[in-house]
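Here the structure comes first, spelled out in structure tokens, and everything after it is commentary.
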Amino acid sequence: MDTITQLSRLGLFDARVPRYTSYPTAPHFGPGIGAEDMRGWIGALPEGSEISLYLHVPFCRRLCWFCACRTQGTATGEPVAAYVETLKAEIALMAAHLPKGVTLSRLHWGGGTPTMMNADQIRDLAQAVFAAVPLGENAEFSVEIDPNEVDDARLDALADMGMTRASIGVQDFDPEIQKVIGRDQSYDITRWAADAIRTRGIGSLNADILFGLPHQSKQKMADSVQKLLSLSPDRVALYGYAHVPWMARRQSMIPSDSLPRPEERLELFEIARKLFLWDGYAEIGIDHFARPEDGLAVAQKVGRLRRNFQGYTDDTATALIGLGASAISRLPQGFAQNAPATSAYTGKIRAGSFATAKSHVFRGDDLMRGRIIEALMCDFRVDTAEIVGEYGVDAQDLFALFRDVSAAFPGMVTVSETGLSIPEIGRPLTRLIARAFDAYDLSKAGHSSAI
């Protein structure tokens with residue numbers, strides 16, 4: 001039996017599964033905690049600890065049809081200016097409850113399009129953050145940048161404020177594909193942005209590229225990857241396009257009959273993967289690539305690779321606080337998500353309250369299962385000694401769980417005295433194997449294709 005047939009029989013080309021940037025995943029969040037609980041969670045952080053901070057800017061000049069993020073279009077700067085003031089109020093609210101001596105290990109601005117802010121707003125917001133929570137030693141400050149929505153003044157402001165990493169969304173360079181997905185972004189303007197970022201001494205450049213887009217062929221995939229490689233990004237995220245028009249209505253603009261079949265998606269992924277490997281990148285988890293000297297590659301070598309809502313990370317902070325509409329926080333007690341609608345979020349913050357709308361309090365074996373899933377997604381293996389030592393589970397119960405998963409994926413999972421691992425042949429199935437450790441009902445959530 002060839003590999004494709006084996007993968008097909010095990011459900012790779014039919015299943016829809018979570019991306020597992022959290023456990024449990026966001027569809028399982030509910031009305032568990034409120035603003036007062038959020039105050040307590042933040043106040044319970046240890047004095048002098050490091051945290052990560054994510055700021056969500058949900059505005060775009062134009063809405064790309066492929067995108068399923070929480071965003072809204074605006075042709076003017078007024079909504080952005082008002083939103084920045086609300087973010088500053090939320091930063092002050094957070095700061096009022098943070099224990100003494102807390103510093104930042106990571107600061108990330110995402111969206112939407114953070115570079116919708118003008119240069120003065122960028123400086124103003126960054127200064128508000130650093131006044132509330134200063135950067136710690138070896139901290140990183142990353143920003144998502146749209147090459148169509150940035151200029152010298154805004155890049156100067158980001159550099160002046162200490163940005164250390166820039167992330168550019170490429171998706172695909174083919175003009176036909178860009179037209180169908182509503183994302184016009186030429187190679188030349190992307191090249192200009194990459195060069196302008198590096199000219200300002202920004203030490204690291206990330207890029208996102210998609211496979212599984214409409215009209216995407218093997219030749220087009222190879223051409224786009226080779227153009228991306230000419231920009232020499234330090235990290236690349238090779239994401240599978242998630243066609244979920246029932247969740248993101250703008251995706252109904254994309255004709256579903258133009259999308260590659262699941263088997264073709266795997267071929268597109270493999271073409272891109274081989275090109276990155278041939279160019280000297282290290283393979284990170286299921287869909288990232290990094291230069292050998294990059295922090296992700298180093299973290300993977302020493303077992304410090306982790307996964308959160310931004311994907312793979314080398315950040316070891318135990319708390320991530322999300323600010324802005326729809327932003328999600330992960331604290332030792334659980335997850336908390338702000339109101340997704342900008343109006344509802346703004347109303348709560350301006351009334352002096354946290355905007356917590358959904359949450360999940362860790363219970364039962366959540367933390368153990370979450371760590372098993374994270375280990376599979378990061379390292380393709382689970383260490384029995386770590387799980388037993390950290391979570392107090394009985395080793396025999398853990399092995400019984402491993403054996404059940406191994407039986408469900410014959411030949412694709414290896415169980416030994418030291419733990420469970422996924423050999424290379426089974427790695428396309430990683431998300432399905434991770435799902436086997438998920439104790440929550442996934443039938444009601446509209447997740448994306450497994451490949």
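The values are calculated or read from the model by the stated rules, or taken from the named source; none is laboratory data. Small disclaimer: the values here were computed from a predicted structure and weren't measured. Methodologically, a virtual Cβ is constructed for each residue, glycine included, from the backbone with ideal geometry; neighbour enumeration extends over all protein chains shown. Remember, those area values only see protein heavy atoms, side chains included, never the ligands or the DNA or RNA. Shrake-Rupley method; radii C 1.70, N 1.55, O 1.52, S 1.80 Å.
Structure above, values below:
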quantity	calculated
Qualifying residue in region 117-140 (condition: part of a strand (DSSP E or B) and either open to solvent by less than 30 Å² (accessible area, probe 1.4 Å) or β-branched (Val, Ile, Thr) (or both))	yes
Region 409-444: number of residues that are open to solvent by 20 Å² or more (accessible area, probe 1.4 Å), among the aliphatic types (A, V, I, L, M) and in contact (Cβ under 8 Å) with a residue 40 or more places away in the chain	3
Members of region 414-430 that are in a loop (DSSP other than H, G, I, E, B) and under 24 Å from the mean Cα position of the chain (by Cα)	422
Enumeration of residues in region 222-261 that are within 21 Å of residue 15 (Cα to Cα), buried (at least 16 other Cβ atoms within 10 Å of the Cβ), within 23 Å of the chain's Cα centre (by Cα) and not hydrophobic (A, V, I, L, M, F, W, C)	239, 240, 241, 243, 251
Positions within region 369-379 being open to solvent by less than 20 Å² (accessible area, probe 1.4 Å) and either in contact (Cβ under 8 Å) with a residue 12 or more places away in the chain or in contact with a helix residue (DSSP H, G or I) (Cβ under 7 Å, 6 or more places away or on another chain) (or both), in sequence order	370, 372, 373, 376, 377, 378
Qualifying positions in region 218-263 - charged (D, E, K, R) and either at pLDDT 95 or above or not in a helix (DSSP H, G or I) (or both)	218, 220, 223, 227, 234, 235, 261
Residue in region 296-323 that is least open to solvent (accessible area, probe 1.4 Å), counting only those that are assigned to a helix (DSSP H, G or I) and in contact (Cβ under 8 Å) with a residue 60 or more places away in the chain	296
Flag if residue 125 is in contact (Cβ under 8 Å) with a residue 24 or more places away in the chain and farther than 21 Å from residue 205 by Cβ	yes
Contacts under 7 angstrom Cβ, first residue in region 59-78 being under 10 Å from residue 111 (Cβ atoms) and assigned to a loop (DSSP other than H, G, I, E, B), partner among the aliphatic types (A, V, I, L, M) and open to solvent by 60 Å² or more (accessible area, probe 1.4 Å), 6 or more apart	71/63
